[in-house]
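Heads up, the thing below is written out as structure tokens.
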Amino acid sequence: MDSSAHQPVLLAHDTLVMQQITGFMSNDFDILDATGQQAIGHVSTSGGGLSHLVAGSRSLDVADADGSPLLHVEDPMSLGFDHFRLSTPEGAPLAEVTSRFALFSTRVRITMADGTDLELSGDMLGLDFEFQVQGAVAARVSRKWAGLGRGVLGRSRYAVGIEPTVPAQLRLAIIGGCIVLDLIRRKKQNQG
């Protein structure tokens, strides 16, 4: 990212609260600051209504507080392990995300376009996760109870703590990884 360019508000925060705001045919989130009060970004489901009915939420966009697009998350139809693509708003590849086999946990590999690998691993209940780069923790994610009303509606709330030294492209991949986690969780719930 060009250091002379405007730094997106979303990427300047080390703590994010991702609050799901819709649930039936979309997977929209508000991304809030550490207090959980001020919106600093938004995730919205894109694509046509027919694709949502047939395949679920398969394409999502992340925007900064001012509405500027930052990231596109795509869940193409695939057989076997879940596979997702992260790209810039212009369509340039940012990362490939693939779920991995794990008996009693959740494991996801994120391979950045430059070859850097992030490993996402978490408990089997889907409550706590870590993003690691070469064994160093880049971010921690904790799924928080959103309250009885939101819980009954199947809405999620994630607290994401990102290490201050993590660069912008990895921050985008971490945000995309959190969205992917929620998509994987929803697929598992729908299957069982």
**Request:** List every residue pair whose Cβ atoms sit under 9 Å apart, with the two residues 6 or more apart in sequence or on different chains, where the first one lies in the range 164-175 and is of a type in the set (G, A, S) and the second, anywhere, is in a helix (DSSP H, G or I) and surrounded by 15 or more Cβ atoms within 10 Å (Cβ to Cβ).
**Result:** A168/L11
**Item:** Any chance T106 is under 21 Å from D64 (Cα atoms) and either at pLDDT below 90 or part of a loop (DSSP other than H, G, I, E, B) (or both)
**Value:** no
**Request:** Within the range 109-129, count every residue that is surrounded by fewer than 16 Cβ atoms within 10 Å (Cβ to Cβ), at pLDDT 90 or above and among the hydrophobic types (A, V, I, L, M, F, W, C).
**Result:** 1
**Complete:** In the range 158-172, anything closer than 21 Å to G36 by Cα and outside any loop (DSSP other than H, G, I, E, B) is listed as Y158, A159, V160, G161, I162, R171, L172
**Close pairs (6 angstrom Cβ cut-off, 6 or more residues apart or separate chains): within 17 Å of V62 (Cβ to Cβ) in the range 91-119, at pLDDT below 95 and not in a strand (DSSP E or B) anywhere** = V97/V180; I110/G177
**Fill in**
For the range 1-23, pairs from a residue that is farther than 22 Å from L181 by Cβ to a residue that is of a type in the set (V, I, T) and at pLDDT 95 or above, with Cβ under 8 Å and 6 or more apart or across chains, are V9/I40
**Filter result for P8 (modelled with pLDDT of 90 or more, under 18 Å from A139 (Cβ atoms), part of a loop (DSSP other than H, G, I, E, B) and of a type outside the set (A, V, I, L, M, F, W, C))** = yes
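The values are calculated or read from the model by the stated rules, or taken from the named source; none is laboratory data. Quick caveat, the model's predicted, so the values are computed rather than measured. For neighbour counting, all protein chains shown are included, and Cβ atoms are generated from backbone atoms with ideal geometry for every residue, glycine included.
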